[in-house]
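Have a look at the structure below before the remarks.
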Amino acid sequence: KPTLEDFGMLAGGLIDLALATGEARFAVRARELVESCVAEHGFAVPGGGDPVLAAQCLALENDPSEGAYPSGISAIAAAAVRLDQLGIAGLREVAVAALSPISPLAVQRPISFGGALGVISMLDQPVRQLVVVSRTADDTLVGLARAWRGGLVAVVSPAQCEEWDGAGFE
C-alpha cells in the first residue's frame, strides 16, 4: 500500500515533469494526488494506512521523522506549496496546518527535519514564476529560462499555455 511519502514524492515528480515538458496533464495528476491526501488537519493517506502495520500496532498516523528522504508530511506539503505557487488555491493553508505542529521540533533539531524546514522556507518566500510562451523551441531562450533559479520555470507553446489555463493553473 502506498505511503504518504509515496504520494508526496510522486506528486513532486509530476510537477517537475509538467514544468520540464510544458504538459499540464502531469500537473493535473499531481493536483489530484495531493487533493486526495487532504485530511481534516493536514494530510493523510487516502483510505488509511497499511492494514498489516495497523494490525501489528506499527502504523503511525503521520510520522514527521525524516532521514535520508523527507517525511510524508514534508513531501506532500512541498507538492502542495508548489501547486499553490501554480495558482491552485487552498493547498498552502493545508500545508501550513500540517507543518505547524512540526515547526517547533524542526527549529530545535534542524538536522532531523531538513525536508520540513525546506517547505517552511518555501512558504516564507515570494512566489516567482518564469513562463516563456514560444511558438518555436529557441534553444537560447529555453536555455536561459531553464538556467533561472529564482522560482518556478516553464517553457510552453501557445497551445500548452491554453491547456494550463484550462486546467485551472496560472
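The values are calculated or read from the model by the stated rules, or taken from the named source; none is laboratory data. It should be emphasised that the depicted structure is a prediction, and the values quoted were computed from it without experimental measurement. With ideal geometry, Cβ positions are generated from the backbone for all residues, glycine too; neighbour counts draw on all protein chains shown. To get the accessible areas, we keep the full protein, side chains included, count just its heavy atoms, and leave off ligands, DNA and RNA. Shrake-Rupley method; radii C 1.70, N 1.55, O 1.52, S 1.80 Å.
Below is a table of values for the structure above.
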{"read-out": "Sole exception among (1) under 14 Å from the mean Cα position of the chain (by Cα); (2) open to solvent by 30 Å² or more (accessible area, probe 1.4 Å); (3) closer than 30 Å to Glu162 by Cα for Ala77, by number", "value": "(2)"}
{"read-out": "Total residues in the stretch 80-93, condition of a type in the set (Val, Ile, Thr) and out of contact with any Asp or Glu (no Cβ under 9 Å at 6 or more places or on another chain)", "value": "1"}
{"read-out": "Inter-residue pairs, beta-carbon under 6 Å, first among the hydrophobic types (A, V, I, L, M, F, W, C) and in the stretch 122-137, second part of a helix (DSSP H, G or I) and surrounded by 15 or more Cβ atoms within 10 Å (Cβ to Cβ), 6+ apart", "value": "Met122/Val81; Val127/Gln85; Leu130/Ala145; Val132/Ala145; Val133/Cys161"}
{"read-out": "Top-ranked residue in the stretch 38-61 [being out of contact with any Lys or Arg (no Cβ under 8 Å at 6 or more places or on another chain), open to solvent by less than 60 Å² (accessible area, probe 1.4 Å) and in a loop (DSSP other than H, G, I, E, B); ranked as modelled with the highest pLDDT]", "value": "Ala44"}
{"read-out": "Test: Ala116 is within 30 Å of Glu40 (Cβ to Cβ), modelled with pLDDT under 95, in a helix (DSSP H, G or I) and open to solvent by less than 50 Å² (accessible area, probe 1.4 Å)", "value": "yes"}
{"read-out": "Hits in the stretch 84-102 (condition: part of a helix (DSSP H, G or I) and either open to solvent by less than 40 Å² (accessible area, probe 1.4 Å) or within 26 Å of Thr21 (Cα to Cα) (or both))", "value": "Asp84, Gln85, Leu91, Arg92, Val94, Ala95, Ala98, Leu99"}
{"read-out": "Boolean, Val153 is open to solvent by less than 30 Å² (accessible area, probe 1.4 Å), out of contact with any Asp or Glu (no Cβ under 6 Å at 6 or more places or on another chain) and not in a helix (DSSP H, G or I)", "value": "yes"}
{"read-out": "Cβ pairs under 6 Å, 6+ apart, first in the stretch 31-49 and farther than 13 Å from Leu91 by Cα, second among the hydrophobic types (A, V, I, L, M, F, W, C) and open to solvent by 40 Å² or more (accessible area, probe 1.4 Å)", "value": "Gly49/Ala59"}
{"read-out": "Which numbered condition Leu130 fails, given (1) part of a helix (DSSP H, G or I); (2) in contact with a strand residue (DSSP E or B) (Cβ under 8 Å, 6 or more places away or on another chain); (3) of a type outside the set (Ser, Thr, Tyr)", "value": "(1)"}
{"read-out": "Subset tally (residues that are more than 16 Å from Glu170 (Cα to Cα) and buried (at least 19 other Cβ atoms within 10 Å of the Cβ)) for the stretch 10-32", "value": "3"}
{"read-out": "Single residue of Gly114, Gly118, Gly87 found to be under 19 Å from Leu33 (Cα atoms) and not aliphatic (A, V, I, L, M)", "value": "Gly87"}
